[in-house]
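Peer 1: I have a structure I would like to understand better, so I am pasting it below and will then ask my questions one at a time.
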Amino acid sequence: MPTYVYEILDSDGNGTGDCFEVVQPMSDDALTKHPETGKPVRRIPQAPNIAGKWSDIKSKGQLSNKNLDKLGFTKYEKRGDGYYEKTAGKGPDTIHNPDNN
C-alpha cells in the first residue's frame, strides 16, 4: 500500500506546514480530517518512488549469472575492444571481433 503525505490546514484553508504520513489503499478516498485531532487536511502530491539501478529494490530484482544460466540465457561481458567473455550460459567462452582493434 502506498504512503500518502497530508498537510494540516488552518481555519482559512491555508497549509500550516505541519505534515504527517498515512499508509492507505489507493482505493480509499483522500482524508479530509486528521485522524487524531479532527483538523482539516489536504493530500500533498509526492513523486513516486521508482527503483533505479542504484536502489536496493532494483538490485534484488536483477538476475544473477546463475539464474540466467538456469533459464537458458547466455551472457557475455565486454572485456576489451571487440572482446567479450562468457559469464553465463552455453556457447563459446569468448567472442572476439578482430576488426574492432
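Peer 1: Quick one: count up the residues across the stretch 13-35 that are in contact (Cβ under 8 Å) with a residue 24 or more places away in the chain and among the hydrophobic types (A, V, I, L, M, F, W, C).
Peer 2: 4
Okay, residues lined up against (1) modelled with pLDDT of 85 or more; (2) outside the structural domain of Thr16 (by TED's automatic domain parsing); (3) β-branched (Val, Ile, Thr); (4) assigned to a loop (DSSP other than H, G, I, E, B):
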{"position": "Asp29", "(1), (2), (3), (4)": "yes, no, no, yes"}
{"position": "Thr37", "(1), (2), (3), (4)": "yes, no, yes, yes"}
{"position": "Ile50", "(1), (2), (3), (4)": "no, yes, yes, yes"}
{"position": "Lys58", "(1), (2), (3), (4)": "no, yes, no, no"}
{"position": "Asn67", "(1), (2), (3), (4)": "no, yes, no, no"}
{"position": "Gly72", "(1), (2), (3), (4)": "yes, yes, no, yes"}
{"position": "Arg79", "(1), (2), (3), (4)": "yes, yes, no, no"}
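Peer 1: Filter the stretch 6-27 down to the residues that are surrounded by fewer than 13 Cβ atoms within 10 Å (Cβ to Cβ) and part of a strand (DSSP E or B) and list them by number.
Peer 2: Thr16, Gly17, Cys19, Glu21, Val23
The values are calculated or read from the model by the stated rules, or taken from the named source; none is laboratory data. Please read all numbers here as calculations on a predicted model, not as lab measurements. Glycine gets a Cβ as well: all are built from the backbone with ideal geometry, and neighbour counts include every protein chain shown.
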